[in-house]
Amino acid sequence: MSAVTEPIGAQPARLRTPYKRAARRGTLALALLAAILLGAQLLPGDALAIDATARALPPQPDHLMGTDLLGRDIAARTLAALAQSVQIGLLAAGASTGVAVILGLGATFGRLADHAVGVLTELALGLPHFVLLIMIAFAMGGGTTGVIVAVALTHWPRLARVLRHEAQTIAASDYVAISRALGRSRLWVARHHLAPHLVAQIVAGFIVIFPHAILHEAGLSFIGLGIEPHLPSIGVMLSESLREIMAGHWWVAAAPGLGLMLVALAFERFGEALRQVSDPAGHIT
Amino acid sequence: MTAWLARLVAGRLIRLAWLLPLAAVGLFALISLAPIDPVQAYVGGRTSQIGPEQRDAIASAWGLDRPASERFASWLGDLAGGDLGQSITFNAPVLQVIAARLPASMALVGLAFALSFLLGTLLGLVAGATRGRWPDRVIRTLAVVLAASPGFWVAILLVAVFAVTLGWLPACCAAPPGQLASEVTPADRWRHMVLPVATLSVVGIAPLVLHTRQSLIAFLDSPAARHLSAHGATPLRLAFGPGLRHAAGVALTLHLAGAGELFGGSVLAEAVFAWPGLGQATVRAATGADAPLLMGIGLATLLFVFAGNLLADIAARLADPRLRRIA
């Protein structure tokens with residue numbers, strides 16, 4: 001996704017500052033996240049149960065999104081699956097952000113480290129994203145851990161590059177030189193000059209990685225390398241829907257994909273707005 | 001013209017020369033980590049028919065009883081001689097499996113590449129020319145929504161609408177089931193390609209649309225464009241005249257650099273449409289613990305991404321001569 005900037009003054013009537021837009025989209029995304037996690041907790045115990053009397057029903061008042069061949073309510077199952085996906089996505093995106101922080105900042109420790117991180121980046125970007133995800137998930141033996149590790153090890157390059165650049169720019173700046181000349185320790189400089197900038201970038205990077213994490217997690221689960229099939233997950237639901245779609249049961253695929261799309265969309269828009277806040281010049285990546 | 005090209009290609013080949021062995025070591029290490037027992041995956045449900053002696057025989061036939069370092073050395077030696085080993089799931093040499101399945105995937109990826117380039121540039125130009133008005137909003141919303149949709153879900157929806165409900169197009173495979181390859185007509189082949197190609201063309205289109213829009217807007221704000229519009233040129237005419245020339249180079253560069261992702265997308269598209277290509281083989285290799293095939297596919301896609309990036313660099317320099325001077 002690229003940041004789309006409108007020149008200031010082009011649309012004065014609808015103009016919102018980047019901060020306000022980020023706050024608005026952030027509230028929306030986090031509210032959606034909270035609603036999913038809370039909603040899944042509040043699901044009645046039998047909401048996911050198999051019901052032989054309500055098999056393959058189209059959407060109707062009792063089952064808002066219909067039921068599948070086993071009589072399970074699609075809406076309830078989608079909610080549970082989304083909660084599962086979101087939790088795994090948060091973990092995986094967090095782990096990937098951690099990798100990016102370590103490698104991005106690690107690259108600033110001398111030329112050798114910089115080259116090593118460069119080689120790692122080159123390797124991570126050398127394969128198509130999804131092929132590398134499959135390889136790592138395979139190496140981990142599939143399953144939820146496999147998904148988290150695979151996402152963590154594949155989504156870091158962009159954020160690592162941003163952090164490396166940011167840290168190097170700040171370290172080379174005049175105010176850091178002056179601070180050092182005034183006798184401030186390296187730690188003091190790191191905490192007062194480096195950290196405030198980097199924390200903002202790290203948070204924005206995490207938000208940007210998150211939608212990709214849940215989309216890729218769903219993809220891996222869809223081909224059978226991800227979340228264990230007995231757990232509710234969007235990828236597994238969509239993979240099961242493949243069989244039912246041929247019988248015309250479109251609703252089996254509609255709700256899970258739509259739910260995932262809305263979550264990804266909300267966070268993608270939030271991340272984009274955050275990026276505009278941290279880079280008002282409209283940096284295109 | 002040729003000096004910069006030779007320098008660029010030489011530089012990239014040197015990079016490939018160290019990247020490829022590193023990637024081979026990395027892939028081998030990664031795949032050796034897998035806790036899945038390939039013999040068990042091969043035996044599968046036939047556990048009762050295959051005794052421990054036969055298992056040992058299978059393991060030694062595949063060289064699994066030797067230590068990893070020895071296996072890696074022999075794999076590397078074979079690789080240097082052009083032998084990628086034996087695929088377990090397809091029971092054929094890896095190179096043969098890849099060669100047999102590559103054309104089907106390349107047909108999908110190649111068509112989707114051309115189609116999404118045309119579509120993405122077109123939509124980007126229209127959006128840029130009508131900035132802020134409804135066509136722009138519709139196109140941008142569409143691009144952002146598509147970027148947030150799982151590609152395989154889009155594929156499933158297309159099947160539900162065009163194959164099941166309307167019955168216009170086949171939902172699966174590269175040819176009607178049960179027909180010999182010689183009986184399949186070209187028209188049948190094309191019909192089977194429509195939905196997979198459509199899926200692949202639209203799911204990754206967002207960056208192209210937004211970048212083209214962005215570079216057209218930058219052009220429309222330039223003194224040259226202001227001059228032309230003072231002479232009466234409309235934004236749409238500017239977009240498809242000088243604006244297209246302005247944006248096309250960047251768009252092509254971006255699109256070529258993203259060609260590897262098209263292959264990634266085709267893994268999922270092929271899974272939905274049961275398309276007999278390399279993507280389907282990837283999934284079967286991964287779920288069937290077929291390490292040699294998985295490594296072969298890894299190396300093949302590495303070369304694919306490399307070629308895409310190299311072509312992207314060449315396209316960028318063809319479009320913008322200033323780039324030729326640096327590196």
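General observations
- Within-14-Å neighbourhood charge of A:H230 [Cβ basis; K, R +1; D, E -1]: 0
- Cα gyration tensor shape for chain B, rounded if a/c is under 1.5, else prolate or oblate: oblate
- Whether the protein assembly as shown is rounded, prolate or oblate, judged on the alpha carbon gyration tensor where a/c under 1.5 counts as rounded: rounded
- Surrounding net charge for A:R72, when Lys and Arg each add one and Asp and Glu each subtract one, Cβ distance under 11 Å: -3
- Ranked B:S60, B:S229, criterion: other C-beta atoms within 10 Å, fewest first: B:S60, B:S229
- Mean sequence separation of contacting Cα pairs (under 8 Å, at least six apart), scaled by the length of the stretch B:95-325, corresponds to a relative contact order of 29 percent.
- Rounded Å value of the spacing that divides the Cα centres of the stretch A:162-180 and the stretch A:209-268: 43 Å
- With at most 16 neighbouring Cβ atoms within 10 Å, loop trypsin sites (Lys or Arg not before Pro) (DSSP) excluded, longest segment of chain B: B:134-324
- Nearest-0.05 FRET efficiency for B:V194 and A:L48, computed from C-beta distance (R0 41 Å): 0.65
- In the frame of its principal axes, the stretch B:58-103 has Cα extents of 36, 24, 11 Å, reported largest first.
- Going from the residue with the fewest nearby Cβ atoms within 10 Å to the one with the most, B:I31, A:I50, A:I227 rank A:I50, B:I31, A:I227.
- Under a 5 Å amide H cut-off, with hydrogens placed 1.01 Å from N, B:S87 pairs with B:A92, B:V94 among residues at least 5 apart or on other chains.
- The relative contact order of chain A, computed from alpha carbon pairs under 8 Å that lie at least 6 residues apart in sequence, is 27 percent.
- Shielding by partners - mean other protein chain Cβ count within 10 Å, residues of B:257-269: 4
- Over the stretch B:240-327, Cα pairs under 8 Å with separation of 6+ residues give a relative contact order of 40 percent.
- GNM flexibility winner over chain A from A:V203, A:V176, A:V101 (Cα, springs under 10 Å): A:V176
- Most mobile listed residue (A:L28, A:L182, A:L38) in chain A, GNM with C-alpha springs under 10 Å: A:L182
- A Förster radius of 45 Å combined with the Cβ-Cβ distance from A:T145 to B:T141 puts the calculated FRET efficiency at roughly 0.75.
- Comparing A:G118, A:G89, A:G45 in a Gaussian network model of chain A, where Cα atoms under 10 Å apart are tied by springs, the biggest mean-square fluctuation is seen for A:G45.
- For the stretch A:207-270, the set of chymotrypsin sites (Phe, Trp or Tyr not before Pro) satisfying both a DSSP loop assignment and a count of at most 15 other C-beta atoms within 10 Å is empty.
- Local net charge near A:T145, Cβ-Cβ under 14 Å (Lys/Arg +1, Asp/Glu -1): -2
Each value in this text was obtained by applying a stated rule to the coordinates, not by laboratory testing. All of these numbers come straight from a predicted model, not from anything done at the bench. Methodologically, a virtual Cβ is constructed for each residue, glycine included, from the backbone with ideal geometry; neighbour enumeration extends over all protein chains shown.
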